[in-house]
Every structure is written in C-alpha cells, then in structure tokens.
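To keep things clear, I will list the structure first and then write my remarks on it.
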Amino acid sequence: MNYPNATHYSEHFSHKELNCHCGCKTPAAVELNLTNLATNLERLRVLVGGPLSINDAYRCVSENKRVGGVMNSQHLFGKAADIDTGSLSNAAFAALAAKVPLFNLGGIGMYPSQHFVHVDYRSNGPARWDEND
C-alpha cells in the first residue's frame, strides 16, 4: 500500500490519529509535515518494539491555545507529537527517540507527571527539556 493515502500517513499512523483533535481541516503544507513525522514515528515504533500511543500531533491555533501550548509550538506545523510512554520511563523513551536522526536533531521533551514524551523536528534544534527543570 502507498502512503500517504486517504486514511493514513504511514502504515501505523492514521490521519485521525495525527490531525487536530478539534476536527478542523488540515492545511496541505501541514499534511506534508505530518507525512514526514509519521515516517519517523515508524522508526521510533521499531525501536520501542511495538505500537505508539499518540496523545496529539498537529494542533490548529485554537486547539493549541485550548491545551495551553506555546505560541511557536511545532505542533502548529505538524512537526511534533506527544507520545504516551507506556511501560517505559520517560528517560528510556527519550533515549530511544534520540536514536531517530530527525528527532535527535530536533526537540525531545519529557513530561513525567503526564507520562508522555514530546518529539519534534524543528529546524533550530537540537532542544532538550524536562518539565521538572
């Protein structure tokens, strides 16, 4: 099967999963970014050894404001995902994310109290942070 297609950006990451949760239309430029994001999430999925649970990826301006996202969030461009770390610690998950070259050059943020890791492929990276810092 070829990706992206009508329902998926990649084999394991659907439009529903990566598009804005408010239901707005995803801009064409963002769709291209989400395809790139999904390709790299596939790489991370292999390293983790199984499925990834995406909390959110693309967020429109309204949704980003609603969830308390920063004004220049990579989510606004479809270049970021917040991923539930499952049974892995945030540090272990972040270490695996750093093995994906695009994320290693971008941003990796840990949110242990919320049990997720943020990954992105910003152009002004690398950036690393922990909500506890």
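Values computed for the structure shown
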{"item": "All positions within region 92-128 that are among the charged types (D, E, K, R) and either touching a Cys at 6+ places or on another chain (Cβ under 6 Å) or over 17 Å from GLY49 (Cα atoms) (or both)", "result": "ASP120, ARG122, ARG128"}
{"item": "Subset of region 1-34 (residues that are assigned to a helix (DSSP H, G or I), open to solvent by 30 Å² or more (accessible area, probe 1.4 Å), under 20 Å from ARG122 (Cα atoms) and not acidic (Asp, Glu))", "result": "ALA28, ALA29, LEU32, ASN33"}
{"item": "Which numbered condition ARG43 fails, given (1) over 18 Å from HIS118 (Cα atoms); (2) part of a helix (DSSP H, G or I); (3) basic (Lys, Arg)", "result": "(1)"}
{"item": "Cross-chain or 6+ apart pairs with Cβ under 7 Å, region 71-97 first and in contact (Cβ under 8 Å) with a residue 60 or more places away in the chain, then hydroxyl-bearing (Ser, Thr, Tyr)", "result": "GLY78/TYR58"}
{"item": "1 or more residues under 18 Å from CYS22 (Cα atoms) and either touching an Asp or Glu at 6+ places or on another chain (Cβ under 9 Å) or among the acidic types (Asp, Glu) (or both): qualifying helices (runs of 4 or more DSSP H) within region 48-133", "result": "61-66"}
{"item": "Candidate set from region 35-51 (those that are of a type outside the set (Val, Ile, Thr), open to solvent by 20 Å² or more (accessible area, probe 1.4 Å) and touching a residue at least 24 places away in the same chain (Cβ under 8 Å)); member that is farthest from ASN5 (Cα to Cα)", "result": "LEU47"}
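The values are calculated or read from the model by the stated rules, or taken from the named source; none is laboratory data. Fair warning: this is a prediction, and the values are worked out from it, not measured in the lab. Positions of Cβ are generated from backbone atoms using ideal geometry, with glycine treated the same way; all protein chains shown enter the neighbour counts. We work out accessible area using only protein heavy atoms, side chains counted, and drop any ligands, DNA or RNA first. Shrake-Rupley method; radii C 1.70, N 1.55, O 1.52, S 1.80 Å.
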